[in-house]
Amino acid sequence: IAKLQPARAGLSLCRRRLMICAIWTFFEVKAAMWFRAQLGILLLLLAAVFAAQMILYLPIEPAMVFTRTYEQELASTAVSNVPSESDLETGRTVIAELKASGNPVLCEDIGYLIAADMAIIFQPYQFVQLAKSGRWNDSTVVDMIDSRMFRLVVIGCDPETEVSPYFTSRMLDAICANYVLGRSTGKYRLYLPAGD
C-alpha cells in the first residue's frame with residue numbers, strides 16, 4: 001500500500017494540472033469569442049454611423065463652394081478650366097507688356113510673371129493676407145511703389161475706387177499717387193510710373 005500512495009499522488013497531481021489546463025483553455029476560448037463578438041458589434045456600429053453620415057451629407061443640389069484661403073465663392077457648376085478666346089488674348093497682351101517693360105514689375109497674378117520669364121519680387125496675395133493678420137508690414141513694398149521702382153504695375157481693379165485682395169490699401173494709395181493708367185486689357189489695368 002505504501003508503494004501505491006506515491007502513484008496516486010502523482011495521478012492526482014496530473015489530474016489537477018489537466019483540469020487547470022482545461023479550465024484555462026475554456027476561458028481563453030470564451031474570451032476570444034467574446035472579443036470577436038465585441039469587435040464585430042463595434043464594426044457594425046461604425047459602418048452604420050458612416051452610412052448615416054454619408055446619407056446626411058449627400059449633396060441634393062449643387063452648392064456654393066467657399067474657399068477660405070482664397071476668399072472666393074464659386075458655384076460648383078460654374079468652374080471651368082478652359083480659358084475663353086478673350087482670356088487668351090488678355091494673357092498674350094499682359095505677357096507682351098511685361099516683357100516690353102523689363103524688370104522689376106509688380107503684378108497681382110504671378111503666373112504672368114512666370115510666363116514672361118520675369119523676376120517675382122513678392123507674391124501679392126500671400127503677403128497681403130499676412131499683412132491683414134498683422135504678421136507682415138507692407139512698408140517696404142509701399143516705399144518701393146513710392147519710389148516708382150516698378151516699371152509696370154498690373155492690377156485687376158481700379159485702385160482709386162475698389163479694394164483688392166492682392167494689395168493693401170496703403171499699396172493702392174501709393175499706386176494712385178505714383179503711377180498712371182497706361183492701358184486696360186480684359187480685367188487688368190496696366191499702370192506706368194508717373195512722369196515717364
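Points worth noting:
- Subset tally (residues that are surrounded by 17 or more Cβ atoms within 10 Å (Cβ to Cβ) and in a helix (DSSP H, G or I)) for the stretch 132-141: 1
- Residues within the stretch 151-175 that are at pLDDT 90 or above and over 18 Å from Ala131 (Cβ atoms), tallied: 3
- Scanning the stretch 101-120 for residues that are surrounded by 15 or more Cβ atoms within 10 Å (Cβ to Cβ) and among the acidic types (Asp, Glu) returns Glu108, Asp109.
The values are calculated or read from the model by the stated rules, or taken from the named source; none is laboratory data. The model shown is predicted, which means the values in this text are computed figures rather than measured ones. Cβ coordinates were reconstructed from backbone atoms using ideal geometry, including for glycine residues, and neighbour counts include every protein chain displayed.
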